Amino acid sequence: MGKKVQAFIGIVLAVGGFLLLVGGIINMTDPNNPNIVQDVVTMPFPLGFLVGGIALYRRSQKNQQKERRVSLERGIISLARQQGGLITPTEVVLHLGVSIEEAQALLDGLCHRGLAQIQVSAEGTLVYRIEGLLSPAERARVTRSEKLL
């Protein structure tokens, strides 16, 4: 199911559950209502729709956030590859259109997972070295060694 469809269904379920819940409460408070016990017994159903809809919506939002992070990390690694494995937060901001805080958080996340290392240039600029990227010379050596096997 698509992420937007999942979010929409979550919203519809939550709103529908809320409206049914409010209607049930109004009906239960009616002094002329002879079926109060029946109304109390059926209250978990709209509550279930409300809670389930909220949970579905939240899950779709988390999935979208994860996909965005993965896409941005892929962009960072691609940009670093073009630049010999080195990248700065400012370059991430310029090329990927994120805030400086988000750029630093993404790069720090790569460091935390062992995919990058922080270095400081002679001028004092923070530079991130992305691990696992081969230089053209290394790539040629690997290709030649594969032919020998």
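Of Ser60, Ser71, Ser99, which residue is closer than 29 Å to Lys3 by Cβ, hydroxyl-bearing (Ser, Thr, Tyr) and surrounded by 13 or more Cβ atoms within 10 Å (Cβ to Cβ)?
The match here is Ser60.
In summary, helices (runs of 4 or more DSSP H) completely within segment 1-95 and bearing 1 or more residues that are within 22 Å of the chain's Cα centre (by Cα) occur at 3-28, 44-82. Considering segment 130-149, the residues that are acidic (Asp, Glu) and part of a helix (DSSP H, G or I) include one that is modelled with the highest pLDDT, namely Glu138.
Kindly establish whether Ala105 is under 15 Å from the mean Cα position of the chain (by Cα), over 25 Å from Gly10 (Cα atoms), assigned to a helix (DSSP H, G or I) and not basic (Lys, Arg).
Spelling it out, Ala105 is indeed under 15 Å from the mean Cα position of the chain (by Cα), over 25 Å from Gly10 (Cα atoms), assigned to a helix (DSSP H, G or I) and not basic (Lys, Arg).
State yes or no: is Leu21 surrounded by 13 or more Cβ atoms within 10 Å (Cβ to Cβ), free of Cβ contacts under 8 Å to residues at least 60 places away in the same chain, farther than 25 Å from Leu134 by Cβ and not β-branched (Val, Ile, Thr)? Against the criterion (surrounded by 13 or more Cβ atoms within 10 Å (Cβ to Cβ), free of Cβ contacts under 8 Å to residues at least 60 places away in the same chain, farther than 25 Å from Leu134 by Cβ and not β-branched (Val, Ile, Thr)), Leu21 qualifies. Val120 meets each of the listed conditions (1) out of contact with any Leu (no Cβ under 8 Å at 6 or more places or on another chain); (2) exposed (fewer than 11 other Cβ atoms within 10 Å of the Cβ); (3) of a type outside the set (Lys, Arg) apart from (1).
Residues in segment 75-94 that are over 23 Å from Arg139 (Cβ atoms) and surrounded by 14 or more Cβ atoms within 10 Å (Cβ to Cβ): Thr88, Pro89, Val92, Val93. Considering the conditions (1) in contact (Cβ under 8 Å) with a residue 60 or more places away in the chain; (2) farther than 30 Å from Lys3 by Cα, Thr42 is excluded by exactly one of them, (1).
For segment 81-138, a tally of residues being touching a strand residue (DSSP E or B) at 6+ places or on another chain (Cβ under 6 Å), farther than 25 Å from Lys66 by Cα and among the hydroxyl-bearing types (Ser, Thr, Tyr) returns 1.
The values are calculated or read from the model by the stated rules, or taken from the named source; none is laboratory data. These numbers were taken from a predicted model, which means no experiment stands behind them. Methodologically, a virtual Cβ is constructed for each residue, glycine included, from the backbone with ideal geometry; neighbour enumeration extends over all protein chains shown.
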